[in-house]
1. Let me know the volume per residue of the alpha-carbon convex hull for the range 8-410, in Å³.
2. How large is the helix-only mean residue ellipticity at 222 nm for the chain, computed as the sum of -39500 (n - 2.57) over DSSP H runs with n ≥ 4, divided by its residue count, in deg cm²/dmol to the nearest 500?
3. I need the phi-derived Karplus couplings for the range 331-336: 6.51 cos²θ - 1.76 cosθ + 1.60, θ = phi - 60°, integer Hz, Gly and Pro marked x.
4. If you average the C-alpha positions of the range 191-226 and of the range 298-347 separately, how far apart do those two centres end up, in angstrom?
5. Projecting each Cα onto the charge dipole of the range 8-410 (Lys/Arg +1, Asp/Glu -1 at the beta carbon, about the Cα centre), which of Pro161, Leu286, Trp13 comes out farthest on the positive side?
6. Under a Cβ-Cβ cut-off of 11 Å, what is the net charge of the residues other than Leu142 that fall near it, where Lys and Arg count +1 and Asp and Glu count -1?
7. Which one, Tyr386, Ala66, His335, projects farthest toward the positive side of the charge dipole computed for the range 8-410 from Cβ point charges (K/R +1, D/E -1)?
8. Based on the Cβ-Cβ distance from Ala223 to Asp307, what FRET efficiency comes out when R0 is 22 Å, to the nearest 0.05?
Amino acid sequence: MSQVTPDAALGDWASRPAHRAWLADRADELFALFERTPNPRGGFSELDRRGEPLADNPVRPIHATARMAHCFAIGTLLGRPGAPEIVDHAMEFLWRRHRDAARGGYFWSVDDAGPVDAARQAYGHAFVLLAAASATTVGHPLAAPMLADISEVIDTRFWEPAHGASAEEFGPDWTPVPGYRGQNANMHLTEALMAAFEATGERLYLDRAESIADLVIRRSAGAAGWRVPEHYTEDWQVDRGYQGNEMFRPAGTTPGHALEWSRLLLQLWCLGGRRLDWLPGAAAALFERAMALGWDEAHGGLFYTLDWEDRPLRRMKLWWPHCEGIGAAHFLNAHVPAAGAEADYRRLWGVVSRAFLDRRHGGWQEECAEDLTPAFTLFPGKADIYHALQACLIPLYPATASLTRVIAEAG
């Protein structure tokens, strides 16, 4: 946790008109950049380092399309011209091209010819649920059938009542892929379940979000000193030696996920009527631990991953953990002000402004080296609006629910 204590008399940055205008401008820049990404053949193109659509980008992963549906549903609620058309473009591609009408579920990735990776991933299905819930808030005609379809798939294929969480992966014919359970997919499923509860009022969604949080955070992270174990065996025993995909299943612990969970726990607390009294304390503990262990005191910024001795494992700095820290700090300032998150809110934006905002080409630099110079080992360009947009918009609204709900309630 930062040792700098903001002057309490000045209040938090999120209440200041100039800061709020600055955040709104950053969000507007992101919308303007990603409005250029719809692929005329369906789905969306990634952007290169200069913010230009990649010409040779045939494979479209499901989470990228679903996130565009979610983010431009937010744009629609904000009254942004052109946003409804992008929601429609995303929803059509999810429904017509990613959905397997014959066997059920959604392909992980497709190209112009059809499925490239036909596996059924919990991570991807979680984002389909988020897209359907967000599209419901703007009245998209595919929202209701997609929400019903993805809810049934999660219920009948992924949900494991014995553990109160989701399975990870199935083959194209729904053969289980054995040996692994992961918190990352379950974390995003928690986010999506809360959005579905907000959109429908159906209690089952909220109950399942609370069940996942209890398993992954109260029991598992609580037993690990408020580090978030990423990887598990099929019976949900922590697997500290797991070596997996560097993008979605990196080895060790990931401070950014602890920060993401910090915000999600407080959102869950609000949605559940503030009856689960362990949630605020856990949110504060996760935030403080992640900032203390993950922050690079020499160069600034958060290391991507740590080993189980709390040493930097992957030393690069990615944009999304800083985005999640910003959102978490805003929620903590609203609900657990004693956590002292305001100082960290300011230093997170300081690093973002210094290293991640691409003032030459627009958008955000998605990866920096340890010294905060631009790097491109994991991300060749600018592939995603989701984390950065939410970091800009979350501080502008009450810390009580998802952006779609609070924006809709604000009119």
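1. 131
2. That comes out to -14000 deg cm²/dmol.
3. For the range 331-336, the Karplus-derived couplings read 5, 5, 4, 7, 10, 9 Hz, x marking Gly and Pro.
4. 21
5. Trp13
6. Its environment carries a net charge of -1.
7. So the residue we want is His335.
8. Numbers: r = 18 Å, r/R0 = 0.82.
For Ala223 and Asp307, the calculated efficiency is 0.75.
Here, each number is a calculation from the coordinates, and none is a lab measurement. Given the structure is predicted, the values throughout are model-derived calculations rather than measurements. Please note: Cβ atoms are built from the backbone with ideal geometry, for glycine as well, and neighbour counts cover all protein chains shown.
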